[in-house]
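**Student:** Quick one: the structure is below, and I'll ask about it shortly.
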Amino acid sequence: MDERWEFVDTFLKKQTEHGLRRSLRPLSSFESAARISCQGRLLLNLASNDYLGLKNDPRLVEAARKAARKWGVGSGASRLVSGTTELHAAVEQKLARFHRTESALTFSSGYAAGVGVIQALAGRGDRIYLDRHCHACLYDGARVSGARIERFRHNDKDHLESLLTRHSAHRGKTLVVADTVFSMDGDRAPLKQIAEICRKHGALFLADEAHAVGVLGPHGRGLAAECGLGGEDVVIMGTLGKAFGVAGAYIACPEKLRDYLINTCRSFIYSTAPPPLLLGAVEKSLEIIETAHEQRKRLLAMAERLRDLLNKRGVDTLQSSTQIVPAVVGEVERSVDLSEKLFRQGIFAPAIRPPTVAQDTSRVRFSLTAALSDEDFDSLLEGVGKVLEAMKNVFEKKTVRS
């Protein structure tokens, strides 16, 4: 064995032994926003973040095609070189109007936005306070920044305030970071209270609306809008790869912060610009999202029915109140077994294991989409019910500590 690769072999062996080795499962096709073809089977797709079912929408496909005809399929350079088109500027203006902020700035991915923006907002001598369940990109951005990291208990505003009070003599910048809807738990942050605490302590507040935009708030503008928060209260980070059905991300913020990020945010400065064809699709999806009132209402109603089924069978769904419904079963093996049994029932809902979630909180995460027809959703409930019945002696409701 080549000793140079021994660390790789050791790691993979350990992951396999603990049931944590991940692998890619290629899909044969996307039959629709709600159905996929995998390993010769047609499955209901409960693993996508395409919450409004726009990914396959013909209107987005046509908008992307028109943009590609005019601009080509690539950007060719970073935004500060020659990658900024009139379409980038137009979409950013529309995103700013959507969020009622002065401006917006697009990024190539949500990860790039999270890592780059946090690194730009705080550095050595500063402090960053993050919810313990924040997305990995937010933690990675905090680590790269060199700032002092403080973690507050999940959705515990009192713990956050106690930490800020304890460090009130701190002279550097203070940044508070939280998801608005948490991707693995499906619960909502106490956003209004966090914003009030930030104002009280003179802290900047960055809220990741990735799983809320398109689904929550007036016209799908997210949880911040639902809570009545404006651009003076919170810097909004949103994604274009979930409810928008496309790819990329953005920051909605004051004009001066946009200018600051253009000059300081490394993931923006040194990345090729998002392809115009994608921005063409985003422009169209933004129009659709603003009027998708019935889709949002139906999506959240489906999630409530699924939670009810799981809870009645003794499966913990934590504090989920959104389109993300976790079925927490604890052990890694149990979550994998549940996922495989669902697969055999025609339901694609992967197991989520450490390190994505905490030890002993492995789960299957159901990520619902408005693209599910009534018949699809009935089939989902029937399939889940059959699997839970077959495993009824295995499940016991667990209390998960934050």
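**Student:** Go through the range 249-281 and give me each residue that's within 13 Å of Gln119 (Cβ to Cβ) and of a type in the set (Phe, Trp, Tyr).
**Tutor:** Residues satisfying the conditions are Tyr260, Phe268, Tyr270.
**Student:** Let me ask something additional. In the range 347-360, how many are in a loop (DSSP other than H, G, I, E, B) and modelled with pLDDT of 95 or more?
**Tutor:** Number satisfying all stated conditions: 1.
**Student:** Moving on. Just give me the residues in the range 130-145 being part of a helix (DSSP H, G or I) and surrounded by 15 or more Cβ atoms within 10 Å (Cβ to Cβ), in sequence order.
**Tutor:** Result: Cys137, Leu138, Tyr139, Asp140, Gly141, Ala142, Val144, Ser145.
**Student:** Checking the conditions here, which among Ser162, Ser109, Ser168 is under 23 Å from Arg266 (Cα atoms), surrounded by fewer than 21 Cβ atoms within 10 Å (Cβ to Cβ) and polar (S, T, N, Q)?
**Tutor:** Unique residue meeting the criteria: Ser109.
**Student:** State which residue pairs qualify: first residue on the phi > 0 side of the Ramachandran plot and inside the range 214-235, second residue buried (at least 19 other Cβ atoms within 10 Å of the Cβ) and polar (S, T, N, Q) in any location, beta carbons under 8 Å apart, and separation of 6 or more residues or different chains.
**Tutor:** Listed by first residue and then by second, the contacts come to Gly222/Thr180.
**Student:** Only one of Arg313, Arg344, Arg296, Arg334 is among the charged types (D, E, K, R) and under 28 Å from Glu209 (Cβ atoms); which?
**Tutor:** After applying the criteria, what remains is Arg296.
**Student:** I've got another one for you. Output the residue which, of all residues in the range 379-402 that are over 28 Å from the mean Cα position of the chain (by Cα), of a type outside the set (Asp, Glu) and farther than 18 Å from Val332 by Cβ, is modelled with the highest pLDDT.
**Tutor:** Here the residue is Lys386.
**Student:** Among (1) over 15 Å from Ser108 (Cβ atoms); (2) in contact with a helix residue (DSSP H, G or I) (Cβ under 8 Å, 6 or more places away or on another chain), where does Glu333 come up short?
**Tutor:** (2)
**Student:** Same structure again: So, Lys341, is that one crowded, with 18+ Cβ neighbours inside 10 Å, in the same structural domain as Gln119 (by TED's automatic domain parsing) and among the basic types (Lys, Arg) or not?
**Tutor:** no
**Student:** Further question: Are any of the residues in the range 70-84 touching a helix residue (DSSP H, G or I) at 6+ places or on another chain (Cβ under 8 Å), surrounded by fewer than 18 Cβ atoms within 10 Å (Cβ to Cβ) and part of a helix (DSSP H, G or I)?
**Tutor:** Yes, the conditions are met somewhere in the range 70-84.
The values are calculated or read from the model by the stated rules, or taken from the named source; none is laboratory data. Quick caveat: nothing in here was measured; it's all calculated off a predicted structure. Note that we place each Cβ from the backbone using ideal geometry, even for glycine, and neighbour counts take in every protein chain shown.
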